[in-house]
Amino acid sequence: MFKDKVVIITGASSGIGKALAVELSKRGAFVVLASRNIEKLAETKSNCNQYNSHALIVKTDVTIENDCKELINSAVKEFGKIDILINNAGISMRALFKDLDLKVIRQLMDVNFWGGIYCIKYALPYLLETKGSVVGVSSIAGYRGLPGRTGYSSSKYAMRGFLETLRTENRKTGLHVLIVAPNFTASNIRNTALTADGTIQSESPRDENIMMTPEEVARRICNAIIKRKVII
């Protein structure tokens, strides 16, 4: 299914994004890896190269519209097409709203919502040509508001609403839109969660050992793309 497919993955430097890059490489895809951290992207690319995958890395800050445009242009220049766009880049937060600096919510919306919008906007013409897939890695928090997560839940609800509308608009074009809402996953996102004043939390308060692994999430996402599911 994925052999010679061109897949763009944002947030590919760690967690679910990195696991997706490796899983798709195993399955024969060409992967385009996007993140702000070029050194970690190089590590992901090295892991992908073990499976003889052609991996392209593009330093990308998804909060910057032009970076997202250049990401899409780089993928098309290298491979000539785009088959799948996986919007995985995201940040989290932990703070009650009464204590929260509003800049934290703006930052989460910029990454979790606008980062996806920018990438989808510029990738859409190519995805329509290939009748490809748009994947949004959301969260259970995008279906149920969680305490201490006002900004996170809001951004994930917004992305879900956008993707559901995009799916409806493209019912007759062949575009596949998948919303992924994982449960708690052992991922770096908790270690980089923002506190009330916007500083990084650094340590996760949860037991990572009892959570789903990024590798398991990646496998489920790939299988859902093959079956062209609308939600998992």
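No lab work stands behind these numbers, since they all come straight from the coordinates. Model, not experiment: these values are computed from the prediction. Cβ coordinates were reconstructed from backbone atoms using ideal geometry, including for glycine residues, and neighbour counts include every protein chain displayed.
Near residue 146, the amide H atoms lying under 5 Å from its own belong to 153; only residues 5 or more places off or on other chains count, and H is placed 1.01 Å from N. As a calculated quantity, the FRET efficiency between residue 143 and residue 66 at R0 = 45 Å, using C-beta atoms, amounts to about 0.90. PRE reach from residue 106 (point 7 Å along Cα→Cβ): which of region 136-168 fall under 17 Å by backbone N? It comes to 151-152, 155, nothing else. A simple spin-label model places pseudo-atoms 7 Å from Cα toward Cβ; at residue 166 and residue 130 they are separated by 1.4 nm. Relative to the longest principal axis of the Cα atoms of the chain, the long axis of helix 38-49 makes an angle of roughly 50 degrees.
Helix 65-79 axis versus longest C-alpha principal axis of the chain: approximately 30°, rounded to the nearest ten.
Loop only by DSSP, 12 or fewer other Cβ within 10 Å of the Cβ. Give me the trypsin sites (Lys or Arg not before Pro) in region 1-62 that pass, ordered by residue number.
Listed in order of number, the matching sites are 3.
Using the Cβ of residue 44 as centre and a radius below 15 Å, the other residues enclosed give a net charge of +2, where K and R count +1 and D and E count -1.
Contact order, relative form, for the chain: 20 percent (alpha carbon pairs under 8 Å, 6 or more residues apart, mean separation divided by residue count).
For the peptides 7-14, 63-70, 163-170, the ranking by packing is 7-14, 63-70, 163-170, with the highest mean count of neighbouring Cβ atoms within 10 Å listed first. Placing +1 on the Cβ of every Lys and Arg and -1 on the Cβ of every Asp and Glu, with nothing else charged, gives the chain a dipole about its Cα centre of roughly 780 debye.
Estimated from the Cβ-Cβ distance and a Förster radius of 35 angstrom, the FRET efficiency linking residue 50 and residue 230 is about 0.60.
Within a Cβ distance under 12 Å of residue 156, other residues only, what is the Lys/Arg minus Asp/Glu net charge?
With Lys, Arg at +1 and Asp, Glu at -1, the net is +3.
Take each of the peptides 86-93, 73-80, 107-114, average the number of other beta-carbon atoms within 10 Å over its residues, and list them starting from the highest. Please report the intermediate quantities before stating the final value.
Details: 86-93: 25.9, 73-80: 15.6, 107-114: 20.5.
Output ranking for 86-93, 73-80, 107-114: 86-93, 107-114, 73-80.
Sorting the Cα pairs of the chain by distance into bins of 10 Å, from 0 upward, gives 8, 35, 39, 16, 2, 0 percent per bin.
The Cβ shell under 14 Å around residue 128 holds other residues with a net charge of +3, Lys and Arg each +1, Asp and Glu each -1.
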